[in-house]
Amino acid sequence: MKKITVGIVGAGTIAGTHARNLTSIPEVSLGSVFDIQKNHSRAFADNFGMTVRNNIQEVFSDSDAVYITVPNKFHAELTLEALSAGKHVFCEKPFALNMDDAKKIVKAVDEAGVIYQLGFNRRFAPVYKKMKDFIIKGELVPISFNIKINRGELQSPPWTSDPEVTGGFLFESTLHLIDMVRYLFGEVRKVTAVGSKKIYPCVDNFSMIFEMNSGSHGVFSSSAHTTWIYPFERVEIYGDHFAVYNDEMESVTYCSGLNQPCHQESFSTLPVEERWGYVQEDPLFISRLLGKEKDSIDIAATHVDGYKNVELIENIYQQIGLGL
């Protein structure tokens, strides 16, 4: 059986999530790991049976594919180095923090002829899979939508409020549902946005209106200082006397006609990593490397999706005119 050797750059919490998933895939061999904090590398390697390397180039040299799980500001640089080395790449979001880097990555992926996948776990979460299935089957044709995704604070860890590290609040958790807009409703024709800096040194409140090529439209809000009041995340979709919404990753509620009962499906008893879609995204990436899936598979977030998300976010920040 062919084995794919996977290296990991960045030995934090999300790297551990992916490593646990990858250990359950027979075709995967976990190879080497590098983190700028050597004690993190050593603990990670001991936990997952990997080899500690002294730099990223050493990880690239003995890997078929590389997971990039470092803070936002390093994503583009490390991605371009991995692509230059001819490696397949799984990178946590965001794709890049500006259009110049986004263009470079798209060009590099196309030239390298490798598989690239972004870590948008919500595409795989059961709540959003249920919504997407309604749309794919034609049971729900979206007419309008309401979306919110908030953070309780930007204090832990402290760098989450530093736009020099994150690229700005839109590149943090909010980006997950900016990606979901395109995933559920298609391409964006126009976005109109306002924002403000109130509590943190970055723009920490956004209100946006999305107009889609399909003719649907919706409102999207995100705040960075909401105390984690439940639910911090919700997508509501309205069709022809059809409504569906989620409460975070816990449940989906829907009503499919006038005078029809509402139904709720709860996923709260699923393990957290399955409920949030992490367990599902890694096997897809490996399947794509083995040629079992094609790049065009809808659920995978590719370099094209990454590019379009960065394009949207730059557009929003330019409209707000407050910097990051």
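Structure summary
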{"item": "Under 18 Å from the Gln155 label point (7 Å along Cα→beta-carbon), backbone N, the stretch 185-201", "result": "198-201"}
{"item": "Debye-sum result for the stretch 1-143 in log10 I(q)/I(0), which assumes one identical scatterer on each alpha carbon, at q = 0.10, 0.18 Å⁻¹", "result": "-0.38, -1.02"}
{"item": "Label point distance in nm, Ser207-Ile36, each placed 7 Å from Cα along Cα→Cβ", "result": "3.8"}
{"item": "Where the chain is the region considered: accessible area per residue in Å², 1.4 Å probe", "result": "43"}
{"item": "Share of Cα-Cα pairs in the stretch 9-90 lying beyond 23 Å, as whole percent", "result": "11"}
{"item": "Loop sites in the stretch 204-271: chymotrypsin sites (Phe, Trp or Tyr not before Pro), DSSP, at most 13 other Cβ within 10 Å", "result": "Trp228"}
{"item": "For the stretch 124-172 and the stretch 55-95, distance of Cα centres in Å", "result": "24"}
{"item": "Theoretical FRET efficiency, 1/(1+(r/R0)^6), r = Cβ-Cβ of Asp100 and Lys190, R0 22 Å, to 0.05", "result": "0.40"}
{"item": "Of Lys132/Lys292; Lys73/Lys197; Lys38/Lys103, those spanning more than 29 Å from alpha-carbon to alpha-carbon", "result": "Lys38/Lys103"}
{"item": "Residue list for the stretch 156-193, given a label point 7 angstrom along the Cα-to-Cβ vector of His217 and an amide N cut-off under 14 Å", "result": "189-193"}
{"item": "Amide N of the stretch 138-173 lying under 19 Å from the label point, which is placed 7 angstrom from the Cα of His241 along Cα→Cβ", "result": "138-144"}
{"item": "R0 of 45 Å, Cβ-Cβ distance Thr227-Lys2: FRET efficiency to nearest 0.05", "result": "0.35"}
{"item": "Simple spin-label estimate for Asp133 and Glu164 in nanometres, 7 Å along Cα-Cβ", "result": "4.8"}
{"item": "Rg over Rh [alpha-carbon atoms, Kirkwood Rh] for the chain", "result": "0.96"}
{"item": "Gyration tensor (alpha-carbon) shape descriptor, the stretch 167-324, a/c threshold 1.5", "result": "rounded"}
{"item": "Proximal aspartates and glutamates relative to Lys148, as straight alpha-carbon distance under 15 Å, when same-chain residues fewer than 8 apart are discounted", "result": "Glu172, Asp179, Asp204, Glu233, Glu236, Asp247, Glu248"}
{"item": "Among beta bridges that DSSP assigns inside the chain, antiparallel share in %, nearest 5", "result": "60"}
{"item": "Cα gyration tensor, the stretch 236-324 - rounded (a/c under 1.5), prolate or oblate", "result": "oblate"}
{"item": "Rounded percent of accessible protein surface that carbon and sulfur make up, the stretch 39-81, 1.4 Å probe", "result": "45"}
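The values are calculated or read from the model by the stated rules, or taken from the named source; none is laboratory data. On a predicted model such as this, the values are computed, not experimentally measured, just so you know. Counting neighbours? That spans all protein chains shown, and the Cβs are built from the backbone with ideal geometry, glycine included. Ligands, DNA and RNA are excluded from the accessible area calculation, which covers all protein heavy atoms including side chains. Shrake-Rupley method; radii C 1.70, N 1.55, O 1.52, S 1.80 Å.
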